[in-house]
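Worksheet for the structure shown next.
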């Protein structure tokens with residue numbers, strides 16, 4: 001298990017390091033990207049040499065984020081010497097790809113996922129934070145790093161992504177006050193939302209197709225949508241599609257099945273009460289109690305059957 | 001023109017009144033309803049007799065709001081004597097229906113719309129407030145009224161409605177800090193969003209149909225959607241539909257046309273830069289620079305022609 005650190009101890013670890021590598025999780029979202037970009041920018045202000053890496057494609061949807069082209073991708077066999085390897089916003093080692101093998105440095109994991117497996121040497125875990133971006137915001141205060149507009153922008157994206165634009169239960173007064181401070185620095189809320197909400201005509205076409213797949217199971221308590229492999233396009237951001245089944249009257253668990261390859265199905269789950277992170281974790285995924293995901297190495301029909309059985313089983317056990 | 005009051009003067013007016021009528025605007029939204037319900041509850045805590053009224057149907061979508069069944073509807077010829085008539089969240093007299101004729105009392109208008117016409121005896125106008133709910137929040141502080149959970153819930157609904165869940169440019173640090181305080185009182189963000197986002201299967205069916213009407217004008221700078229009179233159902237909340245055309249790449253003005261009657265078309269407009277409140281106002285409507293609406297007493301095809309001409313004209317003048 002990891003040694004759990006306090007915020008001052010985390011700050012001391014950063015103060016003592018010169019060459020720092022920060023990696024975040026595969027299938028990166030706004031929190032992974034935003035909190036990593038902000039942390040890198042902040043540490044550079046303190047004179048640190050920082051490399052940032054994600055072992056996955058980054059959707060062009062995130063091209064608007066300042067510094068997004070700084071992400072590098074390590075190859076198997078690379079050897080990178082550093083003073084500190086920061087694993088940012090990732091709850092388990094398999095979520096970061098090859099970086100753990102390539103980077104020769106003590107591992108500090110900064111995270112907010114309740115499903116964190118305690119894999120790193122050092123861990124700062126705040127499960128009450130809505131986003132890792134919120135943790136980085138506090139770290140900057142601890143390290144006396146002034147948050148400039150670009151950093152504020154990245155942190156704001158991180159926070160709004162992971163609290164579902166202040167709609168999820170993880171939205172706390174602290175989370176909102178952080179966001180308010182970032183706005184006071186100069187972040188324009190409509191500019192951020194214009195980027196995050198922006199869709200192409202193709203996105204809306206895909207949404208129409210996906211809404212047609214809406215189906216109900218277990219007396220309407222489970223709703224599913226599908227993005228078939230034929231319709232799948234990695235350049236179309238589909239994360240928000242799950243809101244449609246999630247917010248239908250009577251639905252307790254919403255699931256989206258995405259055929260990323262013929263025999264690889266990515267599953268997203270949203271729930272009102274059920275702890276879906278347990279189910280995601282049992283299939284090698286991760287996330288939060290009410291918003292989790294995993295990847296099933298089966299075609300969509302098979303993946304759907306497996307996941308539905310799991311959810312129905314869990315709902316039966318919990319009586320909803 | 002109205003006599004403009006300071007917040008302490010507004011508070012003094014309330015302190016001096018015993019029988020108070022509060023009315024808000026027709027086609028009521030979450031801010032109209034939430035800020036009115038909260039204000040009524042707060043004033044009752046101070047021993048005031050309060051009647052609340054809206055001269056319109058209230059969508060069943062808002063049934064979740066505590067106290068929603070308290071709204072009464074006056075009839076032409078009714079005579080209601082009161083010490084104070086509060087016109088809440090309405091920018092012009094024609095937005096409140098018959099109340100102005102029925103209620104015999106000095107008029108205090110509390111509002112945040114830039115299009116306010118200064119029609120009342122007294123006016124408290126804060127155009128920097130994202131919502132009238134934010135103004136009422138401050139009024140409670142001035143009047144030393146403790147905000148209980150139900151009031152906080154109503155104010156939270158008011159605020160999130162009018163700042164587009166913190167996505168519009170009117171979202172300020174102050175607005176967010178208010179929301180944070182309301183959460184600290186006990187408002188559960190996910191419970192509010194579950195209510196506000198909740199849709200029926202029919203809603204999603206209607207959304208599918210409406211997305212099929214998506215059309216582009218003026219080189220893709222204007223996007224429109226339509227809810228035909230045949231598809232129109234007052235029990236389906238369609239306010240959010242306008243987000244689809246609004247957030248398409250390249251679109252500067254989004255319009256939704258709703259055939260509420262065969263020859264009555266309700267128009268909603270959202271823009272990125274253009275001041276659409278001017279256009280709405282010129283057709284007897286109201287709203288904010290980037291989010292306005294009006295009603296055209298024509299069928300949909302005719303209403304669309306008229307509004308498009310207006311927008312194109314205005315965009316031409318402003319060069320976008």
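The values are calculated or read from the model by the stated rules, or taken from the named source; none is laboratory data. Everything quoted here is computed from the prediction, not taken from an experiment. Cβ atoms come from the backbone with ideal geometry, glycine included; neighbour counts cover every protein chain shown.
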- Query: Of everything in segment B:189-202 that's over 21 Å from the mean Cα position of the chain (by Cα) and within 7 Å of another protein chain (Cβ to nearest Cβ), which residue is nearest to residue B:61 (Cα to Cα)?
  - Reply: B:200
- Message: Just the residues that are at pLDDT below 95 and within 13 Å of the chain's Cα centre (by Cα), please, taken from segment B:264-276.
- Response: none
- Message: Quick check on residue B:110: is it in contact with a helix residue (DSSP H, G or I) (Cβ under 8 Å, 6 or more places away or on another chain), in contact (Cβ under 8 Å) with a residue 12 or more places away in the chain and closer than 30 Å to residue B:275 by Cβ?
- Response: yes
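Working only within segment A:98-141, note down all residues that are assigned to a helix (DSSP H, G or I) and more than 28 Å from residue A:80 (Cα to Cα).
Looking only at segment A:98-141, we keep the residues that are assigned to a helix (DSSP H, G or I), and these are A:99-102, A:132-141.
A:134, A:138, A:141 - these are the residues of segment A:98-141 that are assigned to a helix (DSSP H, G or I) and more than 28 Å from residue A:80 (Cα to Cα).
Look at residue A:23 and say whether it is assigned by TED's automatic domain parsing to the domain that holds residue A:134, assigned to a strand (DSSP E or B), closer than 21 Å to residue A:97 by Cα and in contact with a helix residue (DSSP H, G or I) (Cβ under 8 Å, 6 or more places away or on another chain). Let's see the steps before the verdict.
Working: assigned by TED's automatic domain parsing to the domain that holds residue A:134: yes; assigned to a strand (DSSP E or B): yes; closer than 21 Å to residue A:97 by Cα: yes; in contact with a helix residue (DSSP H, G or I) (Cβ under 8 Å, 6 or more places away or on another chain): yes.
Taking the combined requirement at face value, the residue satisfies it.
Assess whether residue A:163 counts as being more than 7 Å from chain B (Cβ to nearest Cβ) and over 30 Å from residue B:225 (Cβ atoms).
Numbers: more than 7 Å from chain B (Cβ to nearest Cβ): yes; over 30 Å from residue B:225 (Cβ atoms): no.
So residue A:163 does not fit the description; no.
Return the only residue of B:249, B:275 being without any contact (Cβ under 8 Å) to a residue 12 or more places away in the chain and on the phi < 0 side of the Ramachandran plot. Step through it out loud before you land on a result.
Numbers: B:275 fails: without any contact (Cβ under 8 Å) to a residue 12 or more places away in the chain.
Criteria check complete, one pass: B:249.
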- Report, by residue number, each residue of segment A:167-188 that is within 7 Å of chain B (Cβ to nearest Cβ) and either within 20 Å of residue B:216 (Cα to Cα) or touching a helix residue (DSSP H, G or I) at 6+ places or on another chain (Cβ under 6 Å) (or both). A:167, A:168, A:169, A:171, A:173, A:176, A:177, A:179, A:180, A:183, A:184
- Looking only at segment B:184-207, which residues are surrounded by fewer than 16 Cβ atoms within 10 Å (Cβ to Cβ) and either modelled with pLDDT of 95 or more or out of contact with any strand residue (DSSP E or B) (no Cβ under 9 Å at 6 or more places or on another chain) (or both)? B:184, B:186, B:188, B:191, B:202, B:205
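For every residue, the table says whether it meets (1) in contact with a helix residue (DSSP H, G or I) (Cβ under 9 Å, 6 or more places away or on another chain); (2) surrounded by fewer than 20 Cβ atoms within 10 Å (Cβ to Cβ); (3) away from chain B (no Cβ under 14 Å).
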{"residue": "A:235", "(1), (2), (3)": "yes, yes, no"}
{"residue": "A:246", "(1), (2), (3)": "yes, no, no"}
{"residue": "A:254", "(1), (2), (3)": "yes, no, no"}
{"residue": "A:265", "(1), (2), (3)": "yes, no, yes"}
{"residue": "A:271", "(1), (2), (3)": "yes, no, no"}
{"residue": "A:277", "(1), (2), (3)": "no, no, yes"}
- Contact list, first residue from segment A:207-229 and within 13 Å of chain B (Cβ to nearest Cβ), second anywhere and surrounded by 21 or more Cβ atoms within 10 Å (Cβ to Cβ) and in a loop (DSSP other than H, G, I, E, B), beta-carbon distance below 6 Å, six or more apart or interchain, is A:223/A:251
- Message: What's the total number of residues in segment B:301-320 that are modelled with pLDDT of 95 or more and either surrounded by 21 or more Cβ atoms within 10 Å (Cβ to Cβ) or not in a helix (DSSP H, G or I) (or both)?
- Response: 3
- Would it be correct to say that residue B:89 is more than 22 Å from residue B:157 (Cα to Cα), in the same structural domain as residue B:16 (by TED's automatic domain parsing), surrounded by 15 or more Cβ atoms within 10 Å (Cβ to Cβ) and under 18 Å from the mean Cα position of the chain (by Cα)? no
